[in-house]
1. Total Å² of accessible surface buried at the B-A contact, 1.4 Å probe, nearest 100?
2. Set the Förster distance to 41 Å, then compute FRET efficiency between B:Ser131 and B:Ala219 from the Cβ-Cβ distance, nearest 0.05.
3. Which three extents, in whole angstrom, do the alpha-carbon atoms of chain B cover along their principal axes, largest first?
4. With the cut-off at 1.5 for a/c, could you classify segment B:82-147 from its C-alpha gyration tensor as rounded, prolate or oblate?
5. Evaluated at 10 °C with a viscosity of 1.306 mPa s, what Stokes-Einstein diffusion coefficient in µm²/s does the protein assembly as shown have when Rh comes from the Kirkwood expression over alpha-carbon pairs?
6. Each label point is 7 Å from the Cα along the Cα-to-Cβ direction; what then is the distance between the points at A:Arg510 and B:Ala159, in nm?
7. How high is the relative contact order of chain A, given as a whole-number percent (alpha carbon pairs under 8 Å, six or more residues apart)?
8. Expressed as a rounded percentage, what relative contact order does chain B have, with Cα pairs under 8 Å and six or more residues apart?
Amino acid sequence: MARRAQPLGAGPGIGAAACLAALILGTLAAVAWRAEAGGGLTAADWAAVRFTALQAALSASLSVALAIPVARALARRRFAGRRALIALLGVPFILPVIVAVLGLLQVFGRAGWVSEALGLFGLPPVRIYGLHGVVLAHVFLNLPLATRLILQGWQEVPAERFRLAAQLGFGPWAMLRLIEVPMLRQVVPGALAVVFAICLTSFAVALTLGGGPRATTIELAIYQSFRFDFDLGRAALLSGLQIVLTTGAAVVALRLARGTGFGAGLDRPVQRWDGRGAPARAGDAAWIGGTALFLILPLAAIAASGLAGFAGLPPAVWRAAAVSLAVAGVSTGLLLLMALPMAGAVALGRYGLIEVAGLLGLAASPLVIGTGLFILLRPYTDPTALALPVTALVNAVMALPFALRILVPRASEVVERHGRLALSLGMGRGAFLRLVFLPRMRAQIGFAAGLAMALSMGDLGVIALFAGAETATLPLQVYRLMGAYRMEAAAGAALLLLALSVGSFWILDRGGRWHAEA
Amino acid sequence: MLKLENCVIDNGGFFLAADLAVERGRIVAVIGPSGGGKTTLLEAIAGFLPVIEGAVLWRGRDITALAPGARPVAMLFQDGNLFPHLSAAQNVGLGLRPDLRLSRDQWQTVEDALARVGLSGLGQRKPAALSGGQRARVALSRLMVQHRDIMLLDEPFAALGPALKAEMLVLVAELARESGATVLMVSHEPEDARRIADEVIFVDGGQAHPPLGTKALFASPPDALRAYLGGD
């Protein structure tokens with residue numbers, strides 16, 4: 001079919017995608033070039049591979065296994081605070097990992113609340129470092145995502161099914177077998193794959209709670225061979241390994257995953273007539289209450305101890321906060337510069353772009369890109385001097401798949417709904433962008449920018465790789481304070497970080513929706 | 001004269017053939033069954049659909065290859081004729097300059113155009129704050145300031161009630177007579193055609209027939225039209 005006239009150009013979007021591909025593939029090439037295959041993999045490297053896969057598999061299965069009853073309870077119960085709880089399920093996405101870890105330490109750590117409670121009964125304290133600590137943190141961070149994904153599945157079951165089931169007098173078993181299991185069979189593999197892929201590249205959790213020969217992930221091993229041994233060849237070899245693993249996982253996740261968990265309407269309860277008995281009600285209440293406690297307690301712990309440490313925050317923390325705001329701001333700008341043209345190009349029918357961008361974004365791990373950039377930059381300049389720009393760039397690349405998922409549907413709608421009118425008025429591409437495309441996309445741009453800002457604000461990845469002693473972002477500063485056992489200052493800084501991340505998300509998201517017409 | 005010479009229009013696999021001419025300044029109704037190709041005909045003239053054979057000519061000039069905005073054509077669609085985030089005045093202003101950088105005189109022209117359709121003082125309202133009839137008037141006043149030779153109306157008033165729709169059609173006829181524009185308007189109601197159209201183009205089964213005088217046509221319709229109109 002001949003091509004229809006279009007109100008926008010696809011060129012800038014294709015250009016942005018090409019730059020992105022060049023960046024990611026270029027860093028991968030650099031990694032491949034430096035990788036010392038001759039040395040081969042040591043026993044320690046294989047241990048890292050095994051640990052990475054094991055912790056990701058455990059984290060994914062536990063998150064999803066717990067998410068099923070929680071989502072089921074949330075889907076069929078109405079109670080005061082339900083909306084708030086479902087909103088809370090969205091928070092871990094923008095929660096800086098280091099803040100989550102610090103909160104978990106205060107609840108489950110050696111001197112934490114749980115250990116103290118056990119101490120009252122003369123029991124030994126819990127040990128949080130190692131495999132179970134890593135898995136605990138991953139479940140804390142991903143149980144909400146898994147719950148949202150599965151809740152979406154429950155809400156997509158047509159209401160008529162539940163009505164028919166009530167009409168036919170289905171018991172709990174029939175309900176499970178005929179309605180719930182078929183739905184779960186569709187939703188659960190995707191949720192498992194997504195959480196598995198996320199946990200494969202998780203770095204900050206392993207950095208803080210893992211370590212040692214028995215609890216080192218590949219990402220952490222890259223970091224260690226980089227920072228401690230300055231063995232670029234080995235870092236590159238490990239990066240290659242990581243790429244193979246994450247690309248595989250990303251391909252599977254993209255195949256299986258259906259929703260994003262961002263969808264609107266998740267706070268709408270499903271109308272059901274079963275599960276009215278006392279045991280079912282008590283069970284659901286326990287799941288909901290338990291999850292709420294599990295999510296709220298660590299945050300409350302940070303708030304409580306952070307407030308105490310807030311007054312005496314060292315000046316370095318405030319400096320780091322300013323640095324973080326600047327890095328996150330630049331990163332958000334970069335993200336929009338890439339994502340908006342790409343969303344426009346996809347809206348014009350270049351679907352291939354989003355597939356490529358989504359896959360590259362998911363498959364590339366920050367530390368791998370960081371290692372590649374380090375190798376590329378080193379012949380020309382001192383890479384540590386570029387720590388902050390590199391961090392901003394890598395954060396923008398990491399946020400891109402999410403941003404595209406938010407922007408693309410709306411961009412398609414805007415082009416679809418207003419493109420013809422704009423063309424018939426003879427509106428040029430610049431005028432369409434300024435008068436129609438950007439104003440109509442404002443709410444989505446605000447949401448995407450808020451996510452990007454919060455993600456960049458809280459990121460503790462590539463900055464840990466590049467930063468010299470004198471530069472720090474706020475998450476790195478928190479990590480350093482923790483390393484120095486200044487837990488009170490660390491909690492204060494973590495609270496500041498939490499406030500900045502959630503605050504900047506809130507402001508950008510709100511700002512986008514302010515006075516926006518439907 | 002608007003001429004479609006041996007045209008074949010491709011609408012994603014649906015093909016419409018048209019070989020017809022419309023005299024300048026005429027108001028022409030385009031009628032026929034749903035899916036027959038009425039919208040396809042208008043969208044081809046407006047430049048949204050490719051004409052794969054033949055040529056579209058306006059006053060002897062071939063406009064087949066021109067972009068939609070470069071044609072002497074202004075079009076109103078079934079819906080989405082106003083941008084919901086722009087005020088009524090801005091929506092009309094787009095007809096003067098699609099980048100909306102208007103001079104003071106041009107804003108005055110916009111005010112006058114809104115006054116002409118009975119909307120004085122409502123220029124600052126957004127479409128959501130206007131009634132359906134008022135929104136249609138805003139779109140019509142933009143059509144007015146566009147000053148294009150050809151106006152294409154693809155049932156823009158379909159969502160209005162019968163009385164309001166009749167009122168709008170009379171307004172369209174008035175505006176067209178004032179500016180001397182040629183009008184092609186799609187309609188489902190033979191009544192609309194009778195009300196304002198000089199001629200009727202009947203479109204059915206992938207074929208757009210040349211225009212015939214409204215009165216004569218309805219007095220003795222050809223078989224295909226008789227089947228479409230039904231009744232006696």
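The values are calculated or read from the model by the stated rules, or taken from the named source; none is laboratory data. Small disclaimer: the values here were computed from a predicted structure and weren't measured. As a convention, Cβ positions derive from the backbone with ideal geometry for all residues, glycine included, and neighbour counts pool all protein chains shown. SASA here: full protein model, heavy atoms, side chains in, ligands and nucleic acids out. Shrake-Rupley method; radii C 1.70, N 1.55, O 1.52, S 1.80 Å.
1. Working: alone 10780 and 23030 Å², together 31640 Å².
The summed interface area works out to 2200 Å².
2. Computed FRET efficiency for B:Ser131 and B:Ala219: 0.60.
3. 52, 41, 31
4. On the way: a/c = 1.61, a/b = 1.34, b/c = 1.20.
Prolate shape, in that a/c is at least 1.5 and a/b is the bigger ratio.
5. On the way: Rh = 29.8 Å.
Calculated translational D: 53 µm²/s.
6. 3.2 nm
7. Details: 761 pairs, mean separation 135.7, N = 518.
In percent, rounded to a whole number, it is 26.
8. 30 percent
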